[in-house]
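> Can you read through this structure? Questions will come right after.
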Protein chains: 2
Amino acid sequence: MMPNPPSRRPAWEDSPFMKAARREPADRVPVWLMRQAGRYMAEYRAVREKTSFLELCKNPELSAEVMLTAVEKLGVDAAILFADLLPILEPMGLDLEFTANEGPVIHNPIRQAKDVDRVRELTGLERLDFVLQAVRQTREGLDECLPLIGFAGAPFTLASYAVEGGSSRTYRHVKVLMYTDPPAWHSLMERLARAVSIYLNGQIAAGAQVVQLFDSWVGCLGPDDYRRYVLPHTRAVIESIAPAAPVIHFATGNPALVPLINEAGGAVIGVDWRVRLDDAWRTIGYGKAIQGNLDPVVLLASHSEIRRRVREILDQVAGRPGYIFNLGHGILPQTPVENVIALVDAVHEMGERA
Amino acid sequence: MMPNPPSRRPAWEDSPFMKAARREPADRVPVWLMRQAGRYMAEYRAVREKTSFLELCKNPELSAEVMLTAVEKLGVDAAILFADLLPILEPMGLDLEFTANEGPVIHNPIRQAKDVDRVRELTGLERLDFVLQAVRQTREGLDECLPLIGFAGAPFTLASYAVEGGSSRTYRHVKVLMYTDPPAWHSLMERLARAVSIYLNGQIAAGAQVVQLFDSWVGCLGPDDYRRYVLPHTRAVIESIAPAAPVIHFATGNPALVPLINEAGGAVIGVDWRVRLDDAWRTIGYGKAIQGNLDPVVLLASHSEIRRRVREILDQVAGRPGYIFNLGHGILPQTPVENVIALVDAVHEMGERA
């Protein structure tokens with residue numbers, strides 16, 4: 001066999017973001033923001049006037065464009081694939097629609113064992129090729145110094161959507177399935193975990209340097225339920241990805257789950273504002289990187305309040321390598337874009353290594 | 001002055017519930033359930049067919065009837081005043097309506113300092129006399145062996161409703177007021193705290209043996225915000241009540257707040273299912289009683305699953321005095337009444353002192 005030709009180490013490998021993900025010291029604290037391309041931004045709204053959300057997600061060129069515009073405008077340290085959590089469910093047989101008012105609706109939700117049986121195994125990414133194309137086009141347009149984050153919903157969050165059929169306050173359908181038919185539940189979660197694994201590995205092959213797993217709805221569970229019904233499946237996904245790329249494992253809604261989120265895996269653990277960042281990092285252990293955790297509502301306050309909050313968070317990190325600044329959840333649509341820019345500037349200014 | 005005539009110690013003082021609230025050993029683990037009189041019960045639905053929710057709350061006779069019916073049907077160890085969190089806001093100048101679909105709506109929400117100025121001080125309970133009447137009539141109809149719980153919304157939860165004007169996913173209005181105008185925020189919270197204090201002391205004078213403070217929405221905050229913007233006000237309420245009656249301080253949605261909820265006060269701390277009960281009690285310290293924390297969705301599962309969960313919770317308590325069984329939040333409307341009865345029976349059977 002011929003040896004591979006010596007390849008140049010890509011510039012993104014030495015970016016503050018990738019260094020933080022590897023817990024190496026860097027010149028500055030990297031920052032990116034969940035939903036950094038979104039309705040709060042005029043350029044995004046202009047695109048959405050002509051295109052529905054699902055059309056936008058399925059148009060790689062436009063998806064790349066809205067993300068690259070946001071990255072340039074904000075000066076953040078990473079791009080994230082512009083996509084949605086749910087289109088992965090379509091090739092699995094779920095009938096997804098984004099309604100104007102209610103958000104995502106699944107017209108044939110999974111409620112019992114026989115519904116689980118009709119969930120199709122995801123064997124390839126042919127029907128999700130638009131996502132891989134969006135990864136390629138975003139990577140192509142992106143500054144070589146910046147990494148591109150791929151992402152997917154974690155199995156529990158995908159299962160919640162698939163079972164509830166839409167958003168929920170009580171998550172009663174998903175919990176009832178879990179509590180009354182554990183074999184059907186585990187079968188569904190295994191199928192979702194395999195699908196997410198294929199999907200994320202596909203994004204990495206297409207050009208993503210790191211992937212984030214979003215367990216946005218898992219905070220409705222207590223620790224025992226998480227351990228029994230969720231942890232093994234999320235762990236299977238994460239184990240199937242490493243060491244191809246670092247995994248950011250993000251969960252929101254319940255600080256009592258942080259030790260278990262950590263146990264399930266991830267090179268970086270993403271936390272929300274419900275817990276102090278220093279407490280969370282102590283719980284996780286300093287052998288992992290951490291991401292978070294400003295309350296998105298702070299971005300609706302004044303620049304001086306935003307700067308005060310950035311200071312508070314950076315003080316909790318105390319210059320320790322392995323920290324990525326982010327919100328605890330996505331940017332709210334009502335956020336003034338100049339406040340987001342002020343936040344990014346504040347993190348760069350105050351998070352500079354003296 | 002003449003000495004008071006020797007008064008008989010009322011039977012409720014030696015009930016398992018009051019003993020648990022004082023952390024004294026009792027013959028059995030007491031159980032009651034948040035929303036034990038509610039839409040899941042046919043008798044309640046029959047009343048509501050003829051009466052709107054607000055009419056029911058303002059009718060002391062019917063309020064007493066729906067609660068006494070529930071207590072008898074379920075065999076629980078305490079009654080709770082049938083009332084709503086929000087009517088206290090009406091004499092303070094807020095225009096409250098219960099709509100059929102959206103739930104409570106406040107037509108003149110508080111958004112800024114000038115709105116806070118128009119919030120009227122609650123100086124007496126004349127306009128809330130129906131609540132005191134409901135306390136008296138419930139106490140009158142209730143078995144003397146059972147205590148009656150009065151209740152109110154905690155200042156933060158009342159402020160959230162008053163500021164958001166209805167339910168919310170992000171609590172952005174309330175947080176924006178808090179973050180951008182702390183003096184206006186504290187002024188609102190002080191006014192609410194004084195009102196809640198008058199209200200709960202009035203319920204105790206009218207015949208309640210214990211009161212529960214509901215901080216149902218506080219889980220949207222992180223620990224630093226809770227300490228800065230909420231804790232002093234909740235503490236003021238609780239300090240103004242003790243030692244007239246034990247206070248159950250209940251909060252939901254964020255286990256990272258448990259130490260601070262405890263610090264704010266309460267003879268009994270109520271927790272939801274997002275945290276293990278044994279972990280929560282260890283955090284609180286065994287010098288206080290604890291209440292909780294079954295996930296209400298478990299009541300939609302089978303009797304065997306309900307019994308398994310009761311066993312798990314009782315095992316965590318390990319026979320320590322000072323435990324009151326409850327859910328982590330209110331009974332869901334979809335709950336079969338026979339499952340609630342099965343739960344109460346299971347707690348009584350398995351929680352009996354050998």
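> In nm, one decimal, shortest first: how far is the label point of residue A:54 (7 Å from Cα along Cα to beta carbon) from the matching points in the other copies?
4.0
> In what order do A:63, A:197, B:304 fall by count of nearby beta-carbon atoms within 10 Å, going from fewest to most?
Working: A:63 24, A:197 19, B:304 10.
So the residues, fewest neighbours to most, are B:304, A:197, A:63.
> Give me the log10 of I(q) over I(0) for the range B:1-110 at q = 0.20 Å⁻¹, as the Debye formula computes it from C-alpha points; what are the numbers?
Those come out to -1.06, one per q.
> Per the Debye formula with a single identical scatterer at each Cα and no solvent contribution, what log10 I(q)/I(0) holds for the protein assembly as shown at q = 0.06, 0.08, 0.12 Å⁻¹?
The calculated log intensity ratios at q = 0.06, 0.08, 0.12 Å⁻¹ are -0.37, -0.66, -1.38.
> Let me ask something additional. Starting from the Cα gyration tensor of the range B:219-272, take the square roots of the eigenvalues, sort them a ≥ b ≥ c, and report rounded, prolate or oblate (rounded when a/c is under 1.5, otherwise prolate if a/b is larger than b/c, else oblate).
Details: a/c = 2.79, a/b = 1.48, b/c = 1.88.
Note, shape of the range B:219-272 comes out oblate.
> Could you list B:332, A:343 in order of exposure, starting from the residue whose Cβ has the fewest other Cβ atoms within 10 Å?
B:332, A:343
> Using only atoms on other chains, find how many Cβ atoms lie within 10 Å of each Cβ of peptide A:175-184 and report the average. It would help to have the intermediate numbers written out before the result.
Numbers: counts 6, 6, 1, 2, 10, 5, 1, 1, 0, 0.
What the average comes to for A:175-184 is 3.
> Over the Cα atoms of chain B, what radius of gyration and what Dmax do you get, in Å?
Final numbers for Rg and Dmax: 19.5, 61 Å.
> If you don't mind, there's one more thing I want to ask. Kindly give the distances from residue A:190 to its copy-mates, label point to label point, with each label point 7 Å from Cα along Cα→Cβ, as nm values to one decimal ordered shortest first.
In nanometres, ordered from closest: 6.3.
> Please list, by residue number, every one of the GluC sites (Glu not before Pro) in the range A:82-151 that is coil in DSSP and has at most 15 other beta-carbon atoms within 10 Å. Spell out each step's value before the answer.
Values: sites: A:97, A:102, A:121, A:126, A:140, A:144; in loops: A:102, A:121, A:144.
Filter output for the range A:82-151: A:102, A:121, A:144.
> Still on this structure: Which distances, shortest first and in nm, link residue A:311 to the matching position in the other copies, using label points set 7 Å out along Cα to C-beta?
5.6
> Can you pull the mean other chain C-beta count within 10 Å for peptide A:272-281?
Details: counts 2, 8, 13, 6, 4, 1, 0, 2, 1, 0.
Per residue, the number of nearby Cβ atoms from other chains is 4 on average.
> Nearest 5 is fine: what % of DSSP beta bridges in the range B:29-284 come out antiparallel, could you say? Numbers along the way, then the final one.
On the way: 4 of 19 bridges.
Approximately 20 percent, going by the DSSP bridge assignments.
> Also, I was wondering about something else. Averaged across B:295-301, how many Cβ atoms of other chains sit within 10 Å of each residue's Cβ atom? It would help to have the intermediate numbers written out before the result.
Values: counts 10, 3, 11, 4, 1, 7, 7.
Per residue, the number of nearby Cβ atoms from other chains is 6 on average.
> For the range A:12-34 and the range A:57-109, compute the distance between their C-alpha centroids and round to whole Å.
Comparing the Cα centres of the range A:12-34 and the range A:57-109, I get a distance of 25 Å.
> Now a separate question. Compute the relative contact order of the range A:11-350 as a whole-number percentage, counting only Cα pairs closer than 8 Å that sit 6 or more residues apart in sequence. Don't skip to the end; give the middle numbers.
On the way: 657 pairs, mean separation 72.4, N = 340.
21 percent.
> To continue, here is another question. Pick from B:133, B:209, B:316: which residue has the top mean-square fluctuation in a GNM of chain B where Cα pairs under 10 Å get a spring?
Among B:133, B:209, B:316, the largest mean-square fluctuation in the Gaussian network model of chain B belongs to B:316.
> Moving on to the next point. Can you give the local net charge around residue A:167? Use residues other than it whose beta-carbon is closer than 10 angstrom to its beta-carbon, Lys and Arg +1, Asp and Glu -1. Walk me through the numbers on the way to the answer.
On the way: positive: A:169, B:169; negative: A:102, A:164.
Net local charge, residue A:167 excluded: 0.
> Now, a different point. Count the net charge of all other residues whose Cβ sits under 10 Å from the Cβ of residue B:71, scoring Lys and Arg as +1 and Asp and Glu as -1.
Numbers: positive: B:73; negative: B:72, B:77, B:143.
Value of the local net charge: -2.
> In Å and on Cα atoms, what radius of gyration and Dmax does the range B:302-354 show?
11.4, 35
> Using DSSP to define loop residues, name the chymotrypsin sites (Phe, Trp or Tyr not before Pro) in the range B:246-354 whose beta-carbon has at most 14 other beta-carbon atoms within 10 Å.
Qualifying residues, ordered by number: B:286.
> A follow-up question, please. Point me to the residue of chain B whose C-beta lies closest to the B-onto-A rotation axis, rounding the distance to whole angstrom.
Result for the axis mapping B onto A: B:255, 3.
> Is it possible to state the helix-based mean residue ellipticity at 222 nm for chain B, with each DSSP H run of 4+ residues giving -39500 (n - 2.57), the sum divided by total residues, to the nearest 500 deg cm²/dmol? What is it?
Values: 14 runs with 152 residues, N = 354.
About -13000 deg cm²/dmol.
> Could you tell me the largest-minus-smallest coordinate of the C-alpha atoms of the range A:56-153 on each of the three principal axes, in descending order and whole angstroms?
Cα spread of the range A:56-153 along its principal axes, largest to smallest: 49, 33, 19 Å.
> Further question: Roughly how far apart, in whole Å, are the Cα centres of the range A:186-236 and the range B:136-185?
37
> A further question on this structure: Under 21 Å between alpha carbons, and skipping anything fewer than 8 positions from residue A:288 in its own chain: which lysines qualify?
Within reach: A:19.
> For the protein assembly as shown, give me the percentage of DSSP beta bridges that are antiparallel, rounded to the nearest 5 percent.
Values: 10 of 58 bridges.
Restricted to the protein assembly as shown, the bridges split so that about 15 percent are antiparallel.
> Please identify the helices of chain A, taking whole runs of DSSP H, that span at least 15 Å along their own axis as judged from the Cα atoms and have a mean Kyte-Doolittle score of -0.5 or higher. Each step should come with its number before you reach the end.
Values: long enough: A:60-74 (21 Å, 0.52); A:129-141 (18 Å, -0.56); A:182-206 (35 Å, 0.22); A:231-241 (16 Å, 0.41); A:303-317 (21 Å, -0.99); A:337-350 (20 Å, 0.96).
Length and hydropathy pass: A:60-74, A:182-206, A:231-241, A:337-350.
> Could you please rank B:15, B:302, placing first whichever residue has the fewest other Cβ atoms within 10 Å of its Cβ?
Details: B:15 22, B:302 13.
Listed from fewest to most nearby Cβ atoms, that is B:302, B:15.
Just so you know, all these numbers are worked out from the coordinates, no wet-lab data involved. These numbers were taken from a predicted model, which means no experiment stands behind them. Because the Cβ atoms are built from the backbone with ideal geometry, glycine has one as well, and the counts that use them run over all protein chains shown.
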